[in-house]
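A.B. asks: One structure coming up, written as structure tokens, with questions to follow.
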């Protein structure tokens, strides 16, 4: 995520769900804790931006660490194996539409999700919810 996407999220999506002053807890990603982000949250969302302590993601977002990390790694591996070889001089590649690109990432995500060990997912939810599935 970059600042452009984050600011779009704040202004176009999150703003629709904040009905009164709130505290928005964020990790320490640069775009999350920038002065511009703080100004948007304060002036446009009438809320407070508060960064979580460094290295607290595993405690505050266990599913992010235990599920999203492995899922993103699988996605990267799949993308690298599916990537088309470089073009030869003078060669042209067929342009893909936005719909084609979306369908590719959807299929890639399904493939990555299905490759995760169900026990990994169960353990992550048990840890996050302090329960036993």
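A.B. asks: Could you check the stretch 23-38 and list, in sequence order, the residues that are out of contact with any helix residue (DSSP H, G or I) (no Cβ under 9 Å at 6 or more places or on another chain) and surrounded by 15 or more Cβ atoms within 10 Å (Cβ to Cβ)?
C.D. replies: 33, 38 - these are the residues of the stretch 23-38 that are out of contact with any helix residue (DSSP H, G or I) (no Cβ under 9 Å at 6 or more places or on another chain) and surrounded by 15 or more Cβ atoms within 10 Å (Cβ to Cβ).
A.B. asks: Limited to the stretch 79-103, what total is found for residues that are touching a helix residue (DSSP H, G or I) at 6+ places or on another chain (Cβ under 8 Å) and under 28 Å from residue 30 (Cβ atoms)? I'd like the intermediate steps shown before the answer.
C.D. replies: Step one: filter the stretch 79-103 for residues touching a helix residue (DSSP H, G or I) at 6+ places or on another chain (Cβ under 8 Å), giving 79, 82, 96.
Adding the requirement that they be under 28 Å from residue 30 (Cβ atoms) leaves 79.
Final tally of qualifying residues: 1.
A.B. asks: For the stretch 49-63, give me the residue count where each residue is over 10 Å from residue 128 (Cα atoms), modelled with pLDDT of 80 or more and in contact with a helix residue (DSSP H, G or I) (Cβ under 7 Å, 6 or more places away or on another chain). Write out each step before concluding.
C.D. replies: Let us first name the residues in the stretch 49-63 that are over 10 Å from residue 128 (Cα atoms), namely 49-57.
Checking which are modelled with pLDDT of 80 or more leaves us with 49-56.
Filter once more, so that each one left must be in contact with a helix residue (DSSP H, G or I) (Cβ under 7 Å, 6 or more places away or on another chain): 49, 52.
Count: 2.
A.B. asks: Filter the stretch 79-97 for residues that are under 27 Å from residue 112 (Cα atoms) and modelled with pLDDT of 90 or more; which is surrounded by the most Cβ atoms within 10 Å (Cβ to Cβ)?
C.D. replies: That would be 79.
A.B. asks: If you don't mind, another one. Which one of these is over 30 Å from residue 119 (Cβ atoms) and within 22 Å of the chain's Cα centre (by Cα): 56, 37? Outline the logic, then answer.
C.D. replies: Values: 56 fails: over 30 Å from residue 119 (Cβ atoms).
Testing whether each residue is over 30 Å from residue 119 (Cβ atoms) and within 22 Å of the chain's Cα centre (by Cα) leaves just 37.
A.B. asks: Go through the stretch 99-125 and count every residue that is part of a helix (DSSP H, G or I) and without any contact (Cβ under 8 Å) to a residue 24 or more places away in the chain.
C.D. replies: Initial filter on the stretch 99-125 (part of a helix (DSSP H, G or I)): 99-115, 118-125.
Right, trim to without any contact (Cβ under 8 Å) to a residue 24 or more places away in the chain and you get 99-107, 110, 114, 118-119, 122.
Of the residues in that region, 14 qualify.
The values are calculated or read from the model by the stated rules, or taken from the named source; none is laboratory data. Treat the numbers as computed from the prediction; the structure is a model and nothing was measured. Neighbour counts run over all protein chains shown; Cβ positions are idealised from the backbone, glycine included.
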